[in-house]
Amino acid sequence: MDQPALKVSHLTKVFTRKGQPDFTAVDHVSFSIQAGECAGLIGESGSGKTTVVNMITRLLDPTGGSIVLNGEDITRMRGKELRKVYARMQMVFQTPAESFDPRCTLGDGIGESLRNNGRSRRETRDEVARLMEVCGLSADFASRYPHQVSGGECQRAAIARALAIKPRLLICDEATSSLDVTIQKEIIALLNKLRREKDSDLSILFICHDIALVQQFCNRVLVLYKGKIVEQGEVDAVIRNPQDPYTRRLIDSIL
Amino acid sequence: MREPTVRTQKIKKDTTRTRLIFFGILALILIICSVFCEYLTPYDPYLQDLKNAKAPPSLSHLFGTDRYGRDMLSRVIVGSKASIFSTLLLVGLVTVLGTMAGVFGGWHGKRIDTVLMRISDMFLAFPGLVFAMAVAGVLGGGLQNAIIALMAISWPKYARIARSETLVQKEAPYLKAARLSGSGTLKIVFKHILPNIIGPILVTSMLDIGTMMMELAGLSFLGLGAKPPTAEWGSRMSDARSLLSSAPWVTLSPGVAIFISVMIFNLLGDTIRDYADPKSRGR
Ligand SMILES: Nc1ncnc2c1ncn2[C@@H]1O[C@H](COP(=O)(O)OP(=O)(O)OP(=O)(O)O)[C@@H](O)[C@H]1O
Ligand SMILES: [Mg+2]
């Protein structure tokens with residue numbers, strides 16, 4: 001039972017482009033997240049955060065390294081096996097509006113994972129309504145299309161979708177950065193509530209630029225700089241006593 | 001005060017809608033006519049009446065009669081089945097098959113994509129109608145073979161559109177989200193990719209109906225399509241060529257029928273393109 005919820009070892013991504021030198025976007029990243037833990041991943045724009053989580057969710061093939069989810073190696077999984085894994089791992093995308101099919105309603109999008117996991121149409125509809133209420137959306141949003149809602153509403157729908165299948169690991173790729181502070185607070189409160197509700201079984205990997213928010217919300221922090229993890233540890237410890245020059249600069253810039 | 005720009009935009013949108021309804025109804029009438037053509041003919045289109053051969057248009061025979069005294073109006077109406085129906089069948093088939101090939105290639109990428117695109121290049125390298133004539137010639141005449149020949153020359157266009165649209169959609173975040181929701185390839189293709197790429201493809205096929213009708217009539221005219229006694233328009237025109245000076249109505253009436261139907265379908269295609277263009281549609 002002391003298996004980490006997620007263990008990533010030496011994850012590497014090298015982008016090769018024609019006529020240009022290879023670009024190592026993620027370089028031997030290793031970390032693990034315990035069950036019930038909330039880890040923050042911070043780093044400046046372009047440091048490779050999205051690339052890391054795209055590899056963890058297997059939407060992008062890693063160049064090297066391994067990804068182990070609850071003791072199960074998913075690095076090379078494909079097809080049906082991988083689809084089963086997605087019932088335990090979900091992600092809120094960095095661009096919520098574009099992560100919904102423009103031709104499908106939000107309700108369809110939120111319920112898609114339920115339908116794919118054998119839930120009936122009726123069950124799905126009820127569950128979608130419940131999820132939307134949990135995420136602070138009124139029921140009529142289920143029949144709206146992505147272009148008919150605001151960014152914040154779409155963000156909530158994206159969170160509802162990620163929670164629909166009751167994942168054990170939730171990855172939030174800047175789930176709050178496009179929102180204003182008050183709504184950001186609400187979403188954090190929502191995530192906090194979910195964490196407590198679920199007997200702290202839900203692990204979260206929370207990507208964000210904002211170290212203050214990470215301090216508030218996360219147990220642990222990973223600092224990514226130019227594709228490498230330069231520092232990781234308890235949030236307060238890292239903030240009080242940063243070892244790496246980049247982390248120091250990051251913290252100094254806020255204080 | 002209303003701004004003038006807002007008003008012009010409104011007016012434009014309205015005409016698109018009206019035009020769509022208008023041409024849609026006209027096209028529908030044509031299609032219904034072709035379905036029920038047997039019941040719409042004033043005379044039996046195959047009934048010969050040699051006494052009355054080559055009669056010019058009159059009240060009893062609006063389009064005149066041909067060299068065997070058959071009523072031209074009835075023959076034109078009956079010909080709509082072969083002409084319009086085969087055209088729609090042709091366009092439908094080529095849309096479905098071309099789109100399937102394009103989506104397949106675009107989705108799989110890599111080698112399958114390269115092979116498919118090279119094959120379509122090969123088909124595109126020949127001048128279209130000449131190639132169709134060659135294919136129809138090799139297969140032998142007949143409406144069915146003419147359809148196959150025209151499919152052979154027109155599928156690459158659909159495959160290319162479908163492929164490039166698929167490539168765009170493939171990178172969209174919502175497809176990643178769909179994968180993360182546990183949707184399999186089939187569901188992703190049918191529920192997410194197709195609805196998002198079908199717009200431009202449908203517009204192309206609507207615009208193609210007119211062209212295809214012409215080409216099908218052209219092949220028939222050259223004797224590579226419909227065979228007598230089928231009253232297909234193109235083959236009728238060809239058949240009556242020699243009568244052009246003595247009884248022009250025999251050639252002209254199917255010609256006018258082709259002209260009108262091609263025009264209606266082209267205008268409908270244009271209108272649908274305007275309608276599908278998001279810039280002219282204020283959603
Ligand atoms: N498909 C790709 N091909 C080539 N380079 C890429 C590709 N995707 C990302 N990169 C590069 O990898 C680096 C990391 O990108 P990534 O999207 O992971 O950054 P990020 O940390 O998520 O940034 P942000 O905070 O702006 O979202 C960037 O320099 C980017 O240009
Ligand atoms: Mg990112």
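The values are calculated or read from the model by the stated rules, or taken from the named source; none is laboratory data. All values reported here derive from a predicted model rather than from experimental measurement. No Cβ is skipped: glycine too gets one built from the backbone with ideal geometry, and neighbour counts run over all protein chains shown. Note: areas computed on protein heavy atoms with side chains; ligands, DNA, RNA excluded. Shrake-Rupley method; radii C 1.70, N 1.55, O 1.52, S 1.80 Å.
Counting Cβ atoms of other protein chains within 10 Å of each Cβ in A:89-98 and taking the mean gives 3.
Accessible area of B:Trp249 (1.4 Å probe, protein heavy atoms only, ligands and nucleic acids ignored): about 50 Å². Here the Gaussian network model covers chain B, with springs between Cα atoms less than 10 Å apart; of B:Ala125, B:Ala162, B:Ala257, B:Ala125 fluctuates the most. Taking the accessible area of the protein assembly as shown, probe 1.4 Å, and keeping the other protein chains in place, the carbon and sulfur fraction comes to 60%.
List the residues of the range B:161-188 that lose 10 Å² or more of accessible area once all protein chains are present, compared with their chain alone (1.4 Å probe, heavy atoms only, no ligands or nucleic acids). When all protein chains are present, B:Pro173, B:Tyr174, B:Lys176, B:Ala177, B:Arg179, B:Leu180, B:Ser181, B:Gly182, B:Ser183, B:Gly184, B:Lys187 each give up 10 Å² or more of accessible surface. Only protein heavy atoms count here; on that basis, with a 1.4 Å probe, B:Tyr46 has an accessible area of about 100 Å². Compute the FRET efficiency between B:Phe126 and A:Ile254 as 1/(1 + (r/R0)^6), taking r as their Cβ-Cβ distance and R0 = 60 Å, and round to the nearest 0.05. Plugging the Cβ-Cβ distance into 1/(1 + (r/R0)^6) gives 0.35. Counting only protein chain heavy atoms and rolling a 1.4 Å probe, the accessible areas of A:Arg125, A:Arg130, B:Arg67 rank, largest first, as A:Arg125, A:Arg130, B:Arg67.
Given the rule -39500 (n - 2.57) for each run of at least 4 DSSP H residues, summed and divided by the residues of chain A, what is its mean residue ellipticity at 222 nm, to the nearest 500 deg cm²/dmol? Per the formula, -11000 deg cm²/dmol. Residues A:Ile211, B:Ile272, sorted by accessible area with the largest first, give B:Ile272, A:Ile211 [1.4 Å probe; ligands and nucleic acids excluded]. Buried surface for the A/B pair, taken as the accessible area of each chain alone minus that of the pair with a 1.4 Å probe, is close to 1800 Å² in total. The residues of chain B expose, per residue, 52 Å² of accessible area to a 1.4 Å probe.
Using a 1.4 angstrom probe, figure out how much accessible area the range A:96-166 has per residue, in square angstrom, rounded to the nearest whole.
Working: 3190 Å² over 71 residues.
Heavy-atom SASA per residue in the range A:96-166 reads 45 Å².
To the nearest 10, the accessible area of B:Phe131 is 40 Å² with a 1.4 Å probe.
In this rough spin-label picture, where each label sits 7 Å from Cα along the Cβ direction, the A:Phe15-A:Glu98 distance is 1.2 nm.
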